[in-house]
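Input: a single structure, listed below in structure tokens.
The values are calculated or read from the model by the stated rules, or taken from the named source; none is laboratory data. As the structure is a computational prediction, the values presented were derived from the model and not from experiment. Here the Cβ positions follow ideal geometry from the backbone for every residue, glycine too, while neighbour counts run over all protein chains shown. In case anyone asks, the SASA skips ligands and DNA or RNA and just uses the protein heavy atoms, side chains included. Shrake-Rupley method; radii C 1.70, N 1.55, O 1.52, S 1.80 Å.
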Amino acid sequence: MTFIEPFTDMVPSFFGMLNQGPLTLTIFLHTIIILPMFFIYRQEKVRLEREGKQ
Amino acid sequence: MMTTAYKSKDLATMYFIVATVLFGAQLLMGLIGAVQFLYPEFLFEIFDFSVARTVHINALVVWMLYAMIGSVYFLLPDETGIETVGIELGKLGFYVLTVAITVVVLVYVFIQIGPAAESTIWLINEGREYLEAPRWADIGIVVVVLIFVYNVYATAIKGERTGIVTVLMADLLALAGLYLAGMFFVDNISVDQFWWWWVIHLWVEATWEVFVGGLAAYGLIKMLGASRQVVEMWLWVEVAMLFGSGILGLGHHYFWIGTPEYWWEIGALFSALEPLPLVAMFVHVIYDWGKQAGKNGSNTINNRPAFAWFVMNAFGNFLGAGIWGFFHTLPQVNIYTHGTQFTNAHGHLAFFGAYATILIGMFYLNLQSKNGIERMRSTFNSKMAISLISFGVMGMTIALTVAGYGQVLVERAQMGATWDAFFISQQAQWFVQGMGWRLAMGIVTIVGFVYLAIDLLSISKVNHEKV
Amino acid sequence: MSNKIVSVWTDNNFWKRSAAWITGFSAILLIWLTFDTLGQITQGTDTDMQKDAKGLYFSKRIPSATVINYKIGYEYSDKRGHEVPTINGKEKFFGRDDYSEEEAAALLHLGKLGSQAKNCMNCHTLLGNGAYYAPDLTKAWLDPKWKLMMAITQKKTREEAMAEFLQHPSKYPTHSRRMPNLDITAAEAKGLVAFLKHMSAIDTNGFPRNFGKKDITLRERSAK
Ligand code: HEM
Ligand code: HEM
Ligand SMILES: [Fe+2]
């Protein structure tokens, strides 16, 4: 068994490379969409705390 | 309730009337198609299945667009606090659009098809499901929609810009812009269908859904007096979830049309999340209802027929789009169900549950406001209409699901999707019986529509609490 | 608003910004994916076609229109785990196997226009999309049924049988549900057959599955 699956897409491409087995590509995309929400959350928390103190 | 005589609301009424007529026409055409499934010689080579179906689905899309434009003209003064800018232009747009649509339908019905030439695509029929409207009409539609979008923007900039209006502004621009993706001819059928789905999917599973989110938010404030702050928070959550799943969920149409393998994963997981916001919307409506009922008791709802349709929307959207959509959205399932009566079952319950319901609710809100009714009660006709139409469409959906199941097993799983495989599946008992039930339930739906039409014409004369 | 600290999770601004980010970024990803996909689904050239013909498989998902000069198959690929279109040497199409790129493209153009002008998609599915009143046309060119239709239409080749059927469909009923006459001319029919042949060579990731593999039904076998 190889760690990296043989390339099964017909044409090699960036997205095809991320497509390395069950759900690798889609989980990657989901993650990069969701991650920045933590940053937005932190910023808004700081803002609300500041407004709460006033 | 305030019933200032906003001209914008009169314009809305004009759009709603045409929408209702087209809805009726849609159902009649569906009935012809349903009969032809059982009796193929019915109107053969006079008014073929393809003609009936073209008008059926075009009337569907067009009546919904009319009702959506009407809904915006209806709610805009309430949200922005001012009269809509560009009413006269909007009226002109209405007449231009209505004349264009009439000509298009007459050509579909009487000319039907043309020679294999560009002229046919420009003048008669573009021959692409849902987007059959010939190119000249496409251009007309774009111009009229531009007027509409301009009016919305001009009004929102001048008046107050609520969260609901902000969402609608962004959404309408995307919705209108997407239409352009369906307006050119290519020889390459994969490229053709690639862009075709940009219009169809990014309409019904992204921009239209967000539109419905906006309407539901408006309705909850208007009918229940729900808190705007809470409703708008939910609206933003819904926008995030709907666009987050719906935009890349487009991939579930790119499994088999010549597009690369990586769409399997993208389409599968993003679209599998599409039901989530629909659950959220359902929970939201029920939650607000319960909360306000706790405060105000039985006087909570000031427009019962409209509210009933809004609740039906929350439920139907979740069921038709969410559950029935999820059924066939994974590629492992879709390779067999793709393009069968299963798809058709989903198409019916989703379009009905997600859009027809809430737009009919808007018809009632409009009648209430137009006639200065403080609390609108449901009449016998209102109850018959909602029960029979919902029961009918649900019945058709179940019948088509059973037929589709038979078709998938026999034609696809067992026999490999050939010409003969198709027809053997069509003669299977489950399939034929399913088609029989679909016809019966279609008739129930039409009877329900008759009640609806009568109700819309007469409900305001019934004894309600006037302002 | 009041000055008590409220949770970020119920804060409108948090959700508004999240919605804007998610929507904007998803749209950007979609546009990026669109460029990548369009690159992969542009039609190949005749040069690609000639190179591919030395082997078995297509190198382009959507081959050149000159694919009408070749014999197309649909066979299981171990590597990909599903059926794929294959090339099996030359094959005559209406008596010729030397259509130039321009000639073939003109035929395909006529056929694609015809498919729209006659509204095929509101009875049939193409690549699985359309209406469900009549069979899927994705691999119609490869349908074993044409052998029987050659006998019925008294034509010697598959393409001639198809063209004859398309011009007079209601004259050749195969089931109680017939295809109506759509005023298809001989030239249009030739274009449509080219369009169908080309479509059968599109790499659809294995849709439809098992095409034509289990076509002989018990009924037909016992009739033999
Ligand atoms: C009297 C009731 C109705 C009848 C008898 C009916 C019948 C039909 C028929 C025969 C088709 C063609 C299906 C095929 O190609 O095999 C169809 C398609 C369709 N109808 Fe209806 N219909 C009815 C009501 C509705 C309603 C209320 C809606 C939505 C609000 C609707 C939406 C659609 C859609 C979206 C399609 C295309 C489905 C697809 O391509 O998957 N129909 N209908
Ligand atoms: C209100 C929202 C929705 C509407 C109005 C709608 C309507 C439709 C229609 C009419 C079709 C058939 C298109 C055609 O004629 O070829 C379709 C196909 C499809 N829909 Fe939806 N849909 C909605 C939401 C969803 C959701 C949320 C999902 C997934 C969870 C979904 C999954 C699918 C899939 C996978 C297909 C392709 C079926 C096939 O391969 O034949 N839909 N939808
Ligand atoms: Fe979709």
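Before moving on, here are some points about what is shown:
- Filter result for residue B:333 (open to solvent by 10 Å² or more (accessible area, probe 1.4 Å), without any contact (Cβ under 8 Å) to a residue 40 or more places away in the chain, more than 29 Å from residue B:14 (Cβ to Cβ) and not basic (Lys, Arg)): yes
- Residue check, residue C:91 surrounded by fewer than 18 Cβ atoms within 10 Å (Cβ to Cβ) and in contact with a strand residue (DSSP E or B) (Cβ under 6 Å, 6 or more places away or on another chain): yes
- Residue within region C:43-59 that is touching a strand residue (DSSP E or B) at 6+ places or on another chain (Cβ under 7 Å), in a loop (DSSP other than H, G, I, E, B) and touching a residue at least 40 places away in the same chain (Cβ under 8 Å) present: yes
- Residue within region B:35-49 that is in contact with an Asp or Glu (Cβ under 9 Å, 6 or more places away or on another chain) and without any contact (Cβ under 8 Å) to a residue 40 or more places away in the chain present: yes
- Qualifying residue in region C:118-136 (condition: more than 30 Å from residue B:30 (Cβ to Cβ), open to solvent by less than 10 Å² (accessible area, probe 1.4 Å) and not hydroxyl-bearing (Ser, Thr, Tyr)): no
- Test for residue B:200: is it away from ligand 1 (no atom under 16 Å from the Cβ) and either modelled with pLDDT of 95 or more or more than 18 Å from residue B:65 (Cα to Cα) (or both): no
- Taking region B:190-292 as the region of interest, the helices (runs of 4 or more DSSP H) fully inside it that hold 3 or more residues being open to solvent by 10 Å² or more (accessible area, probe 1.4 Å), within 15 Å of ligand 3 (Cβ to nearest atom) and within 9 Å of chain C (Cβ to nearest Cβ) are B:228-249.
- Looking across region C:172-202, the residues that are touching a Lys or Arg at 6+ places or on another chain (Cβ under 6 Å) and at the interface with chain B (Cβ under 9 Å from one of its Cβ atoms) come down to C:182, C:195.
- Scanning region B:409-427 turns up at least one residue that is of a type in the set (Asp, Glu), more than 16 Å from ligand 1 (Cβ to nearest atom) and within 14 Å of chain C (Cβ to nearest Cβ).
- Taking region B:348-385 as the range and being out of contact with any Leu (no Cβ under 9 Å at 6 or more places or on another chain) and either more than 30 Å from residue B:434 (Cβ to Cβ) or within 14 Å of chain C (Cβ to nearest Cβ) (or both) as the test, the residues that pass are B:366, B:368, B:369, B:370, B:371, B:372, B:374, B:375, B:377, B:378, B:379, B:380.
- Sole exception among (1) among the hydrophobic types (A, V, I, L, M, F, W, C); (2) out of contact with any Phe, Trp or Tyr (no Cβ under 6 Å at 6 or more places or on another chain); (3) more than 12 Å from every other protein chain (Cβ to nearest Cβ); (4) away from ligand 3 (no atom under 12 Å from the Cβ) for residue B:326, by number: (4)
- Residues in region B:386-408 that are more than 16 Å from ligand 2 (Cβ to nearest atom), open to solvent by 30 Å² or more (accessible area, probe 1.4 Å) and within 14 Å of another protein chain (Cβ to nearest Cβ): there are none.
- Test for residue B:426: is it at pLDDT 95 or above, in contact with a helix residue (DSSP H, G or I) (Cβ under 9 Å, 6 or more places away or on another chain) and surrounded by fewer than 22 Cβ atoms within 10 Å (Cβ to Cβ): no
Conditions tested, residue by residue: (1) within 16 Å of ligand 2 (Cβ to nearest atom); (2) touching a residue at least 60 places away in the same chain (Cβ under 8 Å).
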residue	(1), (2)
B:176	no, no
B:182	yes, no
B:196	yes, yes
B:200	yes, yes
B:206	yes, no
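- Against the numbered list (1) more than 8 Å from chain B (Cβ to nearest Cβ); (2) part of a loop (DSSP other than H, G, I, E, B); (3) open to solvent by less than 20 Å² (accessible area, probe 1.4 Å), residue C:62 comes up short only at (1).
- In region C:120-149, residue nearest to ligand 3 (Cβ to nearest atom) [restricted to those that are without any contact (Cβ under 8 Å) to a residue 24 or more places away in the chain and more than 22 Å from residue C:74 (Cα to Cα)]: C:130
- Conditions (1) open to solvent by 40 Å² or more (accessible area, probe 1.4 Å); (2) within 14 Å of chain C (Cβ to nearest Cβ); number of the one not met by residue B:447: (2)
Yes/no matrix, rows are residues, columns are (1) farther than 19 Å from residue B:359 by Cα; (2) outside any helix (DSSP H, G or I); (3) at the interface with another protein chain (Cβ under 10 Å from one of its Cβ atoms):
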residue: B:34; (1), (2), (3): yes, no, no
residue: B:37; (1), (2), (3): yes, no, yes
residue: B:71; (1), (2), (3): no, no, no
residue: B:84; (1), (2), (3): yes, yes, no
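- Unmet criterion (only one of (1) part of a helix (DSSP H, G or I); (2) crowded, with 19+ Cβ neighbours inside 10 Å) for residue B:102: (2)
- Residue list for region C:91-150, filter: basic (Lys, Arg) and part of a loop (DSSP other than H, G, I, E, B): C:92, C:118, C:139
- Residue in region B:140-161 that is of a type in the set (Lys, Arg), in contact with an Asp or Glu (Cβ under 9 Å, 6 or more places away or on another chain) and within 14 Å of another protein chain (Cβ to nearest Cβ) present: yes
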